[in-house]
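Engineer: Here it is: the structure, laid out below.
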Amino acid sequence: MSRYSDAEYEAAIEEMMDQPRYIADFIFDGAETEELVRLLLSRGLPFRDGTARDGRLLDRYNEQIDALKAAFTTFAHEGKTAKHASRVDAFLDYQRQQMEDAA
């Protein structure tokens, strides 16, 4: 049984994705970023200008972004320690403790 709801996990993972520390850990732990980097370096960023080329590029980027988000979510739910079930549990426990300390 999980200590947190699915919504709490989703919100925490979104916050973790915004923090360079977790992104660095994710990349260091072997995230499959090669395809996205290859796409970025070979095709550049989409301009969102409505052209067919841009639409195809956005589709490819969206596929890669979805794959990276799924991989990050898996990463966040791994990393069990003696005290925490996962990285996201440790993150949520830390947030909860900060709120309790502030109150």
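The numbers here are math on the coordinates, done by the rules we state, and not lab data. Just so it is clear, the model here is predicted, and its values are computed rather than measured. Ideal geometry is used to build each Cβ from the backbone, glycine not excepted, and the neighbour counts take in all protein chains shown.
Engineer: Put a dot 7 Å past each Cα toward the Cβ at E35 and Y4; how far apart are the dots in nm?
Structural biologist: 2.7
Engineer: Largest first and to the nearest Å, give the Cα extent of the chain along each principal axis.
Structural biologist: The principal-axis extents, from largest down, are 52, 28, 25 Å.
Engineer: So for the pair I23, H77, with labels modelled 7 Å out along Cα→Cβ, what separation do we get in nm?
Structural biologist: 2.4
Engineer: Modelled label-to-label distance, Y94 and A70, 7 Å Cα→beta-carbon offset: nm?
Structural biologist: Reported label-point gap for Y94 and A70 is 2.8 nm.
Engineer: Once every DSSP H run of n ≥ 4 in the chain is given -39500 (n - 2.57) and the sum is divided by its residues, what mean residue ellipticity at 222 nm do you get, rounded to the nearest 500 deg cm²/dmol? If you can, show how the numbers build up before the last one.
Structural biologist: Values: 5 runs with 73 residues, N = 103.
So the helix-based figure for the chain works out to -23000 deg cm²/dmol.
Engineer: Which of the helices in the chain meet the span-like rule: DSSP H, Cα axial reach of 24 Å or more, Kyte-Doolittle mean at least -1.0?
Structural biologist: On the way: long enough: 52-77 (38 Å, -0.55).
Once both thresholds are applied, what remains is 52-77.
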